[in-house]
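Each remark here refers to the structure printed beneath this line.
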C-alpha cells in the first residue's frame, strides 16, 4: 500500500508521515531528505550545479538507505545524514537542487525502487502527482503562512539554529513560489487528494485525520 502526503514547507507533513507510518507499521520515506542529501553532497564536494556531467556522477554513485526498517533516519552512502541535512546552508540550496530535472528524475526512480513491494508512507511535494499518481491514498496538507513560519522557527531553535520570524516567513514564501512555479514536478495538489488544513491542529490531530480515513476504507 502507498500513502502519499504532499504539502508546502512547514505544513507538518514530515512529522505526520513519520507517525502515520509508525502507527500502521509502514516504512516512512522522506523524499525531501533525499534532495537535501544531494544538496549536502554537492556542497561538500564543491560541485557546480550547472555542471551536468558532475551531477550525473554524483547521482550515479550515491546510495540511500534507512538506518532502521521503518525509515526513521536517512543514511547516504552508509552514513547517517539526518542531522547534517538540516543545516542552514543545505536549506538554502535545496530549493534550487530540487528544480534540476536530472536530479528529480533520478530521485523519483530511487523512490519508486525503495517503495516497490512495500507498505509505505511517502511525503514530499509531488508524490501524489508524479512519483505515485496511483497511490492508494493521497493527502495534501497546508497551513497559514504565519503558523508555518512559527513551526519552522521552533524546529530551527531545537537544532541550535536561530533566525528571525520575518526572515523565515520570507524564505517560506520564496520556497513556495519556487516549488509551485518550477517547470518539472511542481508543488501541486492531486485532484483526488484529501485536503487537510493543519492550521491550529497539533500533530496528533493531523495523524488521526489520516489514520481514520485509511482505517475506515480498510475495514
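For the reader, a short list of remarks on this structure follows.
- Given (1) modelled with pLDDT under 90; (2) within 26 Å of residue 180 (Cβ to Cβ), number of the condition residue 16 does not satisfy: (1)
- Total residues in the stretch 111-128 satisfying the condition of being without any contact (Cβ under 8 Å) to a residue 60 or more places away in the chain and over 25 Å from residue 180 (Cα atoms): the figure is 3.
- Looking at 116, 155, 147, just one residue is touching a helix residue (DSSP H, G or I) at 6+ places or on another chain (Cβ under 9 Å), surrounded by fewer than 22 Cβ atoms within 10 Å (Cβ to Cβ) and either farther than 24 Å from residue 191 by Cβ or modelled with pLDDT of 90 or more (or both), and that residue is 155.
- Filter result for residue 54 (more than 30 Å from residue 211 (Cα to Cα), at pLDDT 90 or above, touching a helix residue (DSSP H, G or I) at 6+ places or on another chain (Cβ under 6 Å) and assigned to a helix (DSSP H, G or I)): no
- Any chance residue 22 is in contact with a strand residue (DSSP E or B) (Cβ under 8 Å, 6 or more places away or on another chain), surrounded by fewer than 19 Cβ atoms within 10 Å (Cβ to Cβ) and either in contact (Cβ under 8 Å) with a residue 12 or more places away in the chain or at negative phi (or both): yes
- Meets criteria (closer than 25 Å to residue 176 by Cβ and free of Cβ contacts under 8 Å to residues at least 12 places away in the same chain) for residue 50: yes
- Just one of the listed residues (206, 170) is over 19 Å from the mean Cα position of the chain (by Cα), under 17 Å from residue 8 (Cα atoms) and assigned to a helix (DSSP H, G or I), and it is 170.
- In the stretch 173-196, the residues that are surrounded by fewer than 16 Cβ atoms within 10 Å (Cβ to Cβ), under 15 Å from the mean Cα position of the chain (by Cα) and not in a helix (DSSP H, G or I): 186
- Any hit, the stretch 105-120, residues being touching a strand residue (DSSP E or B) at 6+ places or on another chain (Cβ under 6 Å) and either part of a strand (DSSP E or B) or more than 25 Å from residue 56 (Cα to Cα) (or both): yes
The values are calculated or read from the model by the stated rules, or taken from the named source; none is laboratory data. If you're wondering where the values come from, they're calculated on a predicted model, not measured in any experiment. All Cβ positions, even for glycine, are placed from backbone atoms using ideal geometry, and neighbour counts span all protein chains on display.
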